Structures are given as C-alpha cells and as structure tokens.
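Peer 1: Got a structure here, written out as structure tokens. Questions coming.
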C-alpha cells in the first residue's frame, strides 16, 4: 500500500539507486549537523531539557543515517526491517534513513 492506502505503483516500489540514496542521506546528515551546530551556538544551560531533547533526537537521527549507509553497502537499503517488503520510494524520498514501511513503522513506534 502507498501512503494514501492505494496499491503501490511500479515507481513507488522502485528503490532509489545507491547513488541517489547516498545523496539523500548526505543531505540529511548535513542538515542534522547544522542543527547540532545551531544548538551549540545557542549556548543552552545544562538543565535545559528542551535543548537536551532536541540534541538527543538529532543524535538518534544521525545514528539512523549512519545505519542507512551500512544498509546501502550490504544491499538491504530500502527493505523494511519489519516485513521484509520494499519500502515505497516516496517514503524513502521523505525519510531516506527509514528502516520500515509505514505500517511496520507505526507498529515499531
């Protein structure tokens, strides 16, 4: 199923090339690193729980991005870790480091 509940089209099932996936992941990594630098530059107090939560979320995303690079190398990028079906291309465009299709992602959350 696609994000809107309809049967996936051939394009939606087509995985991005390794080059496209790496480009998207590099962009996602650069964005998260910029966010970390902005948090550091803001000079939050050690007891600022909002900033600490933001930092943790960014660091988790960076870990997911690194894991996605590993999946590209081992040939499992774009395969859902929950059901082993292809993750729709449109989902990988939005969230290039995802490990799950939408349905399995909801169950994992």
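Peer 1: According to the Kirkwood expression over distinct Cα-Cα pairs, how big is the hydrodynamic radius of the chain, in Å?
Peer 2: On the way: mean 1/r = 0.0663 Å⁻¹.
After inverting the mean inverse Cα-Cα distance, the result is 15.1 Å.
Peer 1: Ok, one more. Taking 8 Å as the Cα distance limit and 6 or more residues as the minimum spacing, I'd like the relative contact order of the chain as a percentage. Mind showing how you got there, number by number?
Peer 2: Details: 92 pairs, mean separation 36.5, N = 109.
After rounding, I find 33 percent.
Peer 1: Grab the beta carbon distance between residue 81 and residue 18, set R0 = 22 Å, and tell me the FRET efficiency rounded to 0.05.
Peer 2: Numbers: r = 18 Å, r/R0 = 0.83.
Plugging the Cβ-Cβ distance into 1/(1 + (r/R0)^6) gives 0.75.
We did not get these values from a lab; they are worked out from the coordinates using the rules stated. Since we're looking at a predicted model, the values are computed, not measured. All Cβ positions, even for glycine, are placed from backbone atoms using ideal geometry, and neighbour counts span all protein chains on display.
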